[in-house]
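Note sheet for the following structure.
The values are calculated or read from the model by the stated rules, or taken from the named source; none is laboratory data. Predicted model only: the values in this text are computed from it and were never measured. Cβ atoms come from the backbone with ideal geometry, glycine included; neighbour counts cover every protein chain shown.
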Amino acid sequence: MTTRILIVGGGYAGFYTALGLEKILGRGEAEVTVVDPLPYMTYQPFLPEVAAGSIEARHAVVSLRKHLKRTAVITARVTAIDHTAKTATISPEDGEPFDLEYDELVLTAGAVSRTFPIPGVADVAIGMKTIEEAAAVRDRLIANFARASVLPEGPERTRLLTVVVVGGGFAGIEVFAELRSLATSLIELYPSITMDDIHFHLIEAMGRIMPEVSLETAKKVVAQLEAREAHVHLDTQLKSAVDGIVELSTGETFESDLIIWTAGVMANPMVRKTGLPLDERGRVTAKTTLQVVDGDEIVANAWTAGDVAAVPDVSKTPGPGGFCVPNAQHAVRQGKLLAKNVAAALRGEAPREYIHANQGAVAGLGLGQGAFQKGKIGFTGPLAWLAHRGYHGLAMPMWERKLRVFGDWMGGFVLGRDDVQLAMRETPREVFEEFASRPKPASDAVEAPKAAPIADTQPAKAEEQKAAAEAADEKAATKA
Ligand SMILES: Cc1cc2nc3c(=O)[nH]c(=O)nc-3n(C[C@H](O)[C@H](O)[C@H](O)COP(=O)(O)OP(=O)(O)OC[C@H]3O[C@@H](n4cnc5c(N)ncnc54)[C@H](O)[C@@H]3O)c2cc1C
């Protein structure tokens with residue numbers, strides 16, 4: 001019997017596991033299936049640049065079917081797992097859920113935005129975890145410039161030109177700075193809007209931003225943002241966002257039509273329906289070999305990696321609590337090792353331990369602006385920006401995608417930033433529907449004869465006949 005390997009989630013960790021298994025396993029050694037509701041893996045570090053229009057949305061994702069040639073891809077959600085029976089419930093968009101049997105389980109379902117029950121956030125804010133969110137944010141900001149440009153000064157105009165980002169981690173700062181950079185280039189296209197008209201606010205509950213870089217580098221980033229009139233509110237919490245009215249713990253309040261939530265992630269809650277052991281933060285507990293572990297006991301034939309997993313960090317610079325932090329650096333490397341370890345297990349060999357020392361961090365903060373940190377070396381500015389583009393351009397999986405991303409950057413350099421927004425894509429049938437000719441409702445056709453009752457039409461005819469007769473009589477009398 002061929003071993004059936006089921007990979008739940010084709011993001012960073014899942015995609016690299018599948019890619020690795022394709023390279024390592026011989027034909028017929030195992031059947032690999034990836035299940036993901038999305039047909040692509042998302043290169044999330046590029047989401048801020050997609051939101052800013054420096055990278056085309058489709059170029060920041062990698063097609064699973066195109067690049068996983070020997071892997072079966074199922075576009076559906078895994079909604080439950082019974083690891084004792086070794087079956088996963090697959091829920092496709094259409095049709096009934098069905099069970100899929102497996103021999104080895106790889107759980108790589110990632111993380112989702114973590115929010116708090118702050119009034120209004122669930123109703124008006126948008127996250128920055130998916131390509132659709134990034135594309136929608138870009139469309140919204142550009143569309144708001146067009147709407148505001150024809151309004152007189154006043155609260156509605158200010159609301160349209162106010163951007164709020166909640167969360168000063170890497171993702172939050174990058175999207176904040178990239179959008180500020182986009183706004184600067186939009187100003188050139190909208191003569192009625194000036195720098196003084198646009199307002200950018202970043203809300204961070206802690207006393208500093210970007211814990212991944214040194215305090216000194218973080219302070220430089222804040223100073224540079226403030227110099228670009230993008231305000232960073234430290235030690236500040238969002239209290240309410242009802243109807244876009246932002247209320248801060250400092251008492252400050254303003255309105256915004258674009259509130260982006262980036263204040264943390266949590267392990268995908270789908271793991272609660274797997275019966276697998278979880279830690280207090282809802283992550284699947286793992287050994288350094290990426291095998292799922294229950295206390296000290298290995299859960300046979302179950303593996304995990306990436307943001308969904310609590311993998312012990314045994315490097316010299318361990319993450320908080322001694323676990324790997326949720327980032328792509330770990331997810332990619334864990335995915336590659338996971339493929340080797342699953343293959344080793346199938347061949348009766350021992351799995352290897354995961355150990356990876358933090359490689360540092362690079363951030364893109366708008367065109368020509370960036371931040372770099374490796375050990376004690378940290379700097380900001382154009383060199384850091386080049387390091388960001390160089391590192392991530394090459395880290396993008398598959399040459400086909402790398403070339404598209406570099407092509408976007410070259411295009412932007414030569415032709416300028418693309419300012420076209422396609423917000424109407426969200427309601428594509430609107431125009432067609434407005435002018436579309438429809439058959440008359442069947443009820444009208446039946447009622448038509450009834451709707452002209454004799455009582456209404458006959459008197460009219462009788463009146464006409466009477467008037468004609470009277471006119472003829474009058475004519476005859478005149479002649480006589
Ligand atoms: C804006 C932003 C910027 C970032 N920048 C950096 C950076 O510069 N450097 C860095 O190291 N990290 C960065 N990260 C973090 C990094 O992207 C993540 O840590 C990484 O994607 C985690 O990989 P993963 O495979 O665990 O999860 P993901 O890549 O999120 O993949 C999870 C997959 O599981 C799928 N899935 C979800 N639910 C189900 C289900 N029920 N059934 C089946 N499949 C499911 C999802 O569709 C997804 O494809 C950034 C993240 C964001 C949001």
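Which members of segment 13-31 meet the condition of being closer than 15 Å to A344 by Cα and surrounded by 24 or more Cβ atoms within 10 Å (Cβ to Cβ)? Walk me through how you get there before you give the answer.
In the first step, residues of segment 13-31 are kept if they are closer than 15 Å to A344 by Cα; the result is 17-18, 20-26, 29-30.
Selection gives T17, A18, L21.
Of all residues in segment 302-312, how many are more than 10 Å from the ligand (Cβ to nearest atom) and either hydroxyl-bearing (S, T, Y) or under 23 Å from A363 (Cα atoms) (or both)? Even if it seems obvious, please write down each step before you answer.
Let us first name the residues in segment 302-312 that are more than 10 Å from the ligand (Cβ to nearest atom), namely 302-303, 310-312.
The next check asks that each one be either hydroxyl-bearing (S, T, Y) or under 23 Å from A363 (Cα atoms) (or both); those that pass are none.
Summing the residues that are more than 10 Å from the ligand (Cβ to nearest atom) and either hydroxyl-bearing (S, T, Y) or under 23 Å from A363 (Cα atoms) (or both) in segment 302-312 gives 0.
Just one of the numbered conditions (1) surrounded by 16 or more Cβ atoms within 10 Å (Cβ to Cβ); (2) more than 9 Å from the ligand (Cβ to nearest atom); (3) not in a strand (DSSP E or B) is not true of R281; which one?
In the conditions (1) surrounded by 16 or more Cβ atoms within 10 Å (Cβ to Cβ); (2) more than 9 Å from the ligand (Cβ to nearest atom); (3) not in a strand (DSSP E or B), R281 misses (1) alone.
So for segment 367-388 (the condition being at pLDDT 95 or above, of a type in the set (F, W, Y), buried (at least 19 other Cβ atoms within 10 Å of the Cβ) and not assigned by TED's automatic domain parsing to the domain that holds V175), does at least one residue qualify?
The answer is no, given that none of the residues of segment 367-388 is at pLDDT 95 or above, of a type in the set (F, W, Y), buried (at least 19 other Cβ atoms within 10 Å of the Cβ) and not assigned by TED's automatic domain parsing to the domain that holds V175.
Please determine whether any residue of segment 107-117 is closer than 20 Å to R283 by Cβ, among the hydroxyl-bearing types (S, T, Y) and touching a Gly at 6+ places or on another chain (Cβ under 7 Å). Walk me through how you get there before you give the answer.
Of the residues in segment 107-117, the ones closer than 20 Å to R283 by Cβ are 107-116.
Those left that are additionally among the hydroxyl-bearing types (S, T, Y): 108, 113, 115.
Next, only the ones that are touching a Gly at 6+ places or on another chain (Cβ under 7 Å) stay: 108, 113.
Yes, segment 107-117 has at least one match.
Report yes if E247 is modelled with pLDDT of 95 or more, of a type in the set (D, E) and more than 22 Å from the chain's Cα centre (by Cα), otherwise no.
Numbers: modelled with pLDDT of 95 or more: yes; of a type in the set (D, E): yes; more than 22 Å from the chain's Cα centre (by Cα): yes.
Here the answer is yes, as E247 does meet what is asked.
Scan segment 289-332 for residues that are without any contact (Cβ under 8 Å) to a residue 12 or more places away in the chain and on the phi > 0 side of the Ramachandran plot and jot them down.
The answer is G321, G322.
Testing M266 on (1) outside any strand (DSSP E or B); (2) at pLDDT 95 or above; (3) surrounded by 15 or more Cβ atoms within 10 Å (Cβ to Cβ), one condition comes back false. Which one is that?
(1)
Do we have I81 as in contact with a helix residue (DSSP H, G or I) (Cβ under 9 Å, 6 or more places away or on another chain), of a type in the set (A, V, I, L, M) and farther than 26 Å from A171 by Cβ here?
Details: in contact with a helix residue (DSSP H, G or I) (Cβ under 9 Å, 6 or more places away or on another chain): yes; of a type in the set (A, V, I, L, M): yes; farther than 26 Å from A171 by Cβ: yes.
Against the criterion (in contact with a helix residue (DSSP H, G or I) (Cβ under 9 Å, 6 or more places away or on another chain), of a type in the set (A, V, I, L, M) and farther than 26 Å from A171 by Cβ), I81 qualifies.
For F323, which of the numbered conditions (1) assigned by TED's automatic domain parsing to the domain that holds Y12; (2) within 30 Å of A52 (Cα to Cα); (3) aromatic (F, W, Y) fails to hold?
So F323 meets the others, but not (2).
Select from segment 321-344 the residues that are out of contact with any His (no Cβ under 6 Å at 6 or more places or on another chain), part of a helix (DSSP H, G or I) and within 11 Å of the ligand (Cβ to nearest atom) and list them in ascending order. Even if it seems obvious, please write down each step before you answer.
Of segment 321-344, the ones out of contact with any His (no Cβ under 6 Å at 6 or more places or on another chain) are 321-323, 325-332, 334-344.
Among the residues that remain, those that are also part of a helix (DSSP H, G or I) are: 321-322, 328-332, 334-344.
Result: A328, Q329, H330, A331, V332, Q334, G335, L338.
Filter segment 141-170 down to the residues that are in contact with a helix residue (DSSP H, G or I) (Cβ under 7 Å, 6 or more places away or on another chain) and of a type outside the set (V, I, T) and list them by number.
L141, A143, N144, F145, R147, A148, L151, R157, R159, L160, L161
Please enumerate the residues belonging to segment 382-420 that are basic (K, R) and either within 13 Å of the ligand (Cβ to nearest atom) or part of a loop (DSSP other than H, G, I, E, B) (or both).
Residues satisfying the conditions are R389, R417.
T250 versus (1) of a type in the set (S, T, N, Q); (2) away from the ligand (no atom under 15 Å from the Cβ); (3) not in a loop (DSSP other than H, G, I, E, B): which is the lone unmet condition?
Going through the list (1) of a type in the set (S, T, N, Q); (2) away from the ligand (no atom under 15 Å from the Cβ); (3) not in a loop (DSSP other than H, G, I, E, B), T250 breaks only (3).
Table: residues versus (1) closer than 22 Å to T115 by Cβ; (2) within 26 Å of the chain's Cα centre (by Cα); (3) of a type outside the set (D, E, K, R).
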| site | (1), (2), (3) |
| --- | --- |
| M195 | no, no, yes |
| F200 | yes, yes, yes |
| M206 | yes, yes, yes |
| V221 | no, yes, yes |
| K239 | yes, yes, no |
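Just to be sure before I move on: is R77 free of Cβ contacts under 8 Å to residues at least 40 places away in the same chain, charged (D, E, K, R) and either out of contact with any Lys or Arg (no Cβ under 7 Å at 6 or more places or on another chain) or over 21 Å from G364 (Cα atoms) (or both) in the structure I sent?
Details: free of Cβ contacts under 8 Å to residues at least 40 places away in the same chain: no; charged (D, E, K, R): yes; either out of contact with any Lys or Arg (no Cβ under 7 Å at 6 or more places or on another chain) or over 21 Å from G364 (Cα atoms) (or both): yes.
It is false that R77 is free of Cβ contacts under 8 Å to residues at least 40 places away in the same chain, charged (D, E, K, R) and either out of contact with any Lys or Arg (no Cβ under 7 Å at 6 or more places or on another chain) or over 21 Å from G364 (Cα atoms) (or both).
Which pairs turn up if I take residues in segment 241-258 that are on the phi < 0 side of the Ramachandran plot and look for partners that are surrounded by fewer than 13 Cβ atoms within 10 Å (Cβ to Cβ) and modelled with pLDDT of 95 or more with beta carbon separation below 7 Å, at least 6 apart in sequence or on another chain?
Going by the 7 Å Cβ cut-off, the qualifying pairs are I245/T253; V246/T253; E247/T253; E255/P155.
Being at pLDDT below 95 and either assigned to a strand (DSSP E or B) or away from the ligand (no atom under 13 Å from the Cβ) (or both) is the filter; apply it to segment 352-365 and report the residue that is surrounded by the most Cβ atoms within 10 Å (Cβ to Cβ).
Taking segment 352-365 first, the residues at pLDDT below 95 are 356-361.
Right, trim to either assigned to a strand (DSSP E or B) or away from the ligand (no atom under 13 Å from the Cβ) (or both) and you get 357, 361.
Working: A357: 12, A361: 21.
So the residue we want is A361.
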